[in-house]
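What follows is calculated from the coordinates using simple rules that are stated; it is not laboratory data. All values reported here derive from a predicted model rather than from experimental measurement. Here the Cβ is made from the backbone with ideal geometry for all residues, glycine too, and neighbour counts use every protein chain on show.
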Amino acid sequence: MKLEGTVSGADFFRYQEACYGHAGFDPNGRELIDVTGLTSTSVHIHEMADVKSRDQWQQGSRRALVAPSTLAFGMVMMFKTLAGSEHGEIKIFRDLQQAREWLGLETDG
């Protein structure tokens, strides 16, 4: 998943619907969320709580959040804090390649 520009709570809800409704969704799988292009956000804390309540990832999952900017880092840190550990392991990275390595995905060199 890649988030760019201004991100709203509705963007997260649409993503969850598409992700969880996909035939290949594995609740114990891996996910890479890249918010490198985030320029602003209109996500409210109650929307983040709603995102958490709809979360279908399970404890066996690994999710890497790539957030190089201070704004992006703050948003994903809020998400990680709300998600807790019941929805798998979530780790925040400033570097995309490090995130890919942690998930066991191919890297660019």
Within segment 49-72, is even one residue assigned to a helix (DSSP H, G or I), touching a residue at least 60 places away in the same chain (Cβ under 8 Å), of a type outside the set (S, T, N, Q) and surrounded by 13 or more Cβ atoms within 10 Å (Cβ to Cβ)?
no
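Find the residue count for segment 17-46, including only residues that are assigned to a helix (DSSP H, G or I) and either without any contact (Cβ under 8 Å) to a residue 12 or more places away in the chain or crowded, with 16+ Cβ neighbours inside 10 Å (or both). Before you say what the answer is, go through the steps one by one.
Applying the first criterion (assigned to a helix (DSSP H, G or I)) to segment 17-46 yields 17-21, 45-46.
Filter once more, keeping what is either without any contact (Cβ under 8 Å) to a residue 12 or more places away in the chain or crowded, with 16+ Cβ neighbours inside 10 Å (or both): 17-18, 21, 46.
Matching residues across segment 17-46 total 4.
Is it the case, given these coordinates, that Thr81 is part of a loop (DSSP other than H, G, I, E, B) and β-branched (Val, Ile, Thr)? Working first, answer last.
Values: part of a loop (DSSP other than H, G, I, E, B): no; β-branched (Val, Ile, Thr): yes.
Judged against the criteria, Thr81 is not a match.
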Check on Glu106, in contact with a helix residue (DSSP H, G or I) (Cβ under 8 Å, 6 or more places away or on another chain) and either surrounded by fewer than 17 Cβ atoms within 10 Å (Cβ to Cβ) or among the β-branched types (Val, Ile, Thr) (or both):
yes
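Those residues that are among the basic types (Lys, Arg) and either assigned to a loop (DSSP other than H, G, I, E, B) or loosely packed, with under 13 Cβ neighbours inside 10 Å (or both), I need them from segment 84-103; list them, please. Don't jump to the end; show me each part of the working.
Start the filter on segment 84-103 by keeping residues that are among the basic types (Lys, Arg), which leaves 91, 94, 100.
Across segment 84-103, the qualifying residue is only Arg94.
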Identify, by number, the condition in (1) assigned to a helix (DSSP H, G or I); (2) surrounded by fewer than 18 Cβ atoms within 10 Å (Cβ to Cβ); (3) of a type outside the set (Gly, Ala, Ser); (4) in contact (Cβ under 8 Å) with a residue 40 or more places away in the chain that Met75 doesn't meet.
(2)
Please work out if Gly5 is touching a strand residue (DSSP E or B) at 6+ places or on another chain (Cβ under 6 Å) and on the phi > 0 side of the Ramachandran plot.
yes
